[in-house]
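Data block below; observations after.
The values are calculated or read from the model by the stated rules, or taken from the named source; none is laboratory data. If you're wondering where the values come from, they're calculated on a predicted model, not measured in any experiment. Note that each Cβ is placed from the backbone with ideal geometry, even for glycine, and that neighbours are counted across all protein chains shown. Accessible surface is based on the protein model in full, side chains and every heavy atom, while ligands, DNA and RNA are left aside. Shrake-Rupley method; radii C 1.70, N 1.55, O 1.52, S 1.80 Å.
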Amino acid sequence: MPDLVWRKSLRSSFVKNAECVEVARAAGSFYTRDSKDPDGPRHCLPLPEAAAFIAAVKRGRYDL
């Protein structure tokens, strides 16, 4: 696995016990992980699929 630089929303710093997702990008792939479990599972998507997923989230496709 490549060395990844993880980042999360600055807004999550202000929310106590926030459930945050961290993201990283490397070699044409987009990675996610749970910020509370940095050594836990990581999910990886090719950039085109990650971009499609993010666009769908922004459109409200996965709203509950």
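So the values come out like this:
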item	result
Correct choice for mean projected area of the Cα convex hull in nm² that was computed from the model, options [x] 5.2; [y] 6.4; [z] 4.8	[x]
Å² per residue, accessible surface of the chain at 1.4 Å	84
Cβ-based net charge around ILE54, under 13 Å, with every Lys or Arg adding one and every Asp or Glu removing one	+3
Share of carbon and sulfur in the accessible heavy-atom surface of the chain [1.4 Å probe, %]	55
In nm, spacing of pseudo-spin labels at ALA56 and CYS44 (7 Å Cα→C-beta vector)	2.1
